[in-house]
Amino acid sequence: QVQLVESGGGSVQAGGSLRLSCAASGSISSIGDMGWYRQIPGKQRELVAVITAGGSTNYADSVQGRFTISRDNAKSTVILQMNSLKPEDTAVYYCNAGLTYMRYGRYITGNYWGQGTQVTVSS
């Protein structure tokens, strides 16, 4: 069984920082793109940042210059460092990754989500 387990998040005042971490676990053969999304109740889930297996990154305009995504391939982990947080960053943040693993003698690739972690920024 492969899965993504998130940690971090919490409550912070505007201007503060938080760090989210997401680790892939299980008998994983390889990991493709890894990213972070966020969702506000009643709204669609939106992309925050993504990092490819080769290390290329892409950010939502709203977080560009404030958030940094990174990955540690040896630890199968993706990190989102969030600085200069604003109240509008308040949301549930979800980790996402393409995971490849072997099952019944075959390689299987699937798109996986973490359980979500709440980030609350107060003004």
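The values are calculated or read from the model by the stated rules, or taken from the named source; none is laboratory data. Fair warning: this is a prediction, and the values are worked out from it, not measured in the lab. Ideal geometry is used to build each Cβ from the backbone, glycine not excepted, and the neighbour counts take in all protein chains shown. Note: areas computed on protein heavy atoms with side chains; ligands, DNA, RNA excluded. Shrake-Rupley method; radii C 1.70, N 1.55, O 1.52, S 1.80 Å.
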Is there a residue being farther than 27 Å from residue 107 by Cα, open to solvent by 30 Å² or more (accessible area, probe 1.4 Å) and modelled with pLDDT under 95 anywhere in the range 46-54?
no
Do we have any residue at all in the range 42-60 that's part of a strand (DSSP E or B), of a type in the set (A, V, I, L, M, F, W, C) and farther than 19 Å from residue 114 by Cβ?
no
Just name the residue that is nearest to residue 4 (Cα to Cα) out of those in the range 68-90 that are touching a residue at least 60 places away in the same chain (Cβ under 8 Å) and within 14 Å of the chain's Cα centre (by Cα).
79
Applying the selection to the range 27-45, what residues are open to solvent by 60 Å² or more (accessible area, probe 1.4 Å) and among the basic types (Lys, Arg)?
43, 45
Among residues belonging to the range 77-89 that are within 15 Å of residue 15 (Cα to Cα) and not aliphatic (A, V, I, L, M), point out the one that is most open to solvent (accessible area, probe 1.4 Å).
88
Qualifying position, being out of contact with any Asp or Glu (no Cβ under 9 Å at 6 or more places or on another chain), of a type in the set (Gly, Ala, Ser) and surrounded by 18 or more Cβ atoms within 10 Å (Cβ to Cβ), among 24, 74:
24
Based on this model, can you work out whether residue 115 counts as open to solvent by 70 Å² or more (accessible area, probe 1.4 Å), polar (S, T, N, Q) and under 20 Å from residue 15 (Cβ atoms)?
no
Being free of Cβ contacts under 8 Å to residues at least 60 places away in the same chain, among the β-branched types (Val, Ile, Thr) and in contact with a strand residue (DSSP E or B) (Cβ under 7 Å, 6 or more places away or on another chain), is that true of even one residue in the range 33-45?
yes
Condition check for residue 93: closer than 28 Å to residue 122 by Cα, of a type in the set (Phe, Trp, Tyr) and assigned to a strand (DSSP E or B):
yes
Within the range 90-112, of all residues that are over 22 Å from residue 49 (Cα atoms) and of a type outside the set (D, E, K, R), the one most open to solvent (accessible area, probe 1.4 Å) is 104
Would you point out which residue out of 104, 94 is out of contact with any strand residue (DSSP E or B) (no Cβ under 8 Å at 6 or more places or on another chain), over 20 Å from residue 16 (Cβ atoms) and either among the hydroxyl-bearing types (Ser, Thr, Tyr) or at pLDDT 95 or above (or both)?
104
